[in-house]
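Input: a single structure, listed below in structure tokens.
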Amino acid sequence: MISPRVTPTLGTLLRHLVELLDGAVEARYVAAKLDYRPRYTPVVRALLELESASIRVIAQHAGLTHSAASQTVALMTKARLARSQVAEDGRERVISLSPRTLAMVPELQRMWDSTNAAAREL
């Protein structure tokens, strides 16, 4: 929470807004009984288009840093939302969505659509 005694900078206000929005969106996922976090969305959307890709390609496609993409994929793999396997050349790992995640996509898409509609109204 932002202290009323300190004048926040634009960056602080934007981070606070994102925290509030992520919290509200995450509450919708919980209410829908989806084991899903807002931070997964850029990776999921990238993999829906790419089907499978390295962390580097996912990061580029999603507009994330390599570190953020790697950390998110690690969380998703632990939650059984993503799969990781060695590429054919053996030099990198290739990430894909699990069947569990693919089963969530229709409900996620409805939520993304309604979130985007609400954002357009702002």
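What follows draws every value from the coordinates through simple rules; no lab data is involved. From a predicted model like this one, the values you see are computed outputs, not experimental measurements. For neighbour counting, all protein chains shown are included, and Cβ atoms are generated from backbone atoms with ideal geometry for every residue, glycine included.
Using a simple charge model, +1 on the beta-carbon of Lys and Arg, -1 on the beta-carbon of Asp and Glu, nothing else, what dipole does region 1-71 show about its Cα centre, in debye to the nearest 20? Write down the numbers at each step before the final one.
Details: 8 positive and 6 negative charges, 38 e Å.
Its charge dipole is roughly 180 debye.
What is the magnitude of the charge dipole of the chain about its Cα centre, with +1 placed on the Cβ of each Lys and Arg, -1 on the Cβ of each Asp and Glu, and no other charges, expressed in debye to the nearest 20? Could the numbers behind the result be given before it?
Working: 16 positive and 12 negative charges, 64 e Å.
Here the chain has a charge dipole of around 300 debye.
Just add up the charged neighbours of residue 35: K/R +1, D/E -1, any other residue whose Cβ is under 9 Å from the Cβ of residue 35.
Numbers: positive: 33, 37, 80, 100; negative: none.
The answer is +4.
Placing one identical point scatterer on every Cα of region 1-66 and ignoring solvent, what is log10 I(q)/I(0) from the Debye formula at q = 0.21, 0.24 Å⁻¹?
Log-scaled intensity ratios, in q order: -0.92, -0.98.
Let a ≥ b ≥ c be the square roots of the eigenvalues of the Cα gyration tensor of region 3-112; is it rounded (a/c under 1.5), or, if not, prolate (a/b larger than b/c) or oblate?
Values: a/c = 2.73, a/b = 1.54, b/c = 1.78.
Because a/c hits 1.5 or more and a/b fails to exceed b/c, region 3-112 counts as oblate.
What number comes out for the charge environment of residue 100, summing +1 per Lys or Arg and -1 per Asp or Glu over other residues with Cβ under 15 Å away?
So the surrounding residues net to +3.
Under 11 Å from a label point 7 Å along Cα→Cβ of residue 28: give me every residue in region 89-121 with its amide N that close.
108-120
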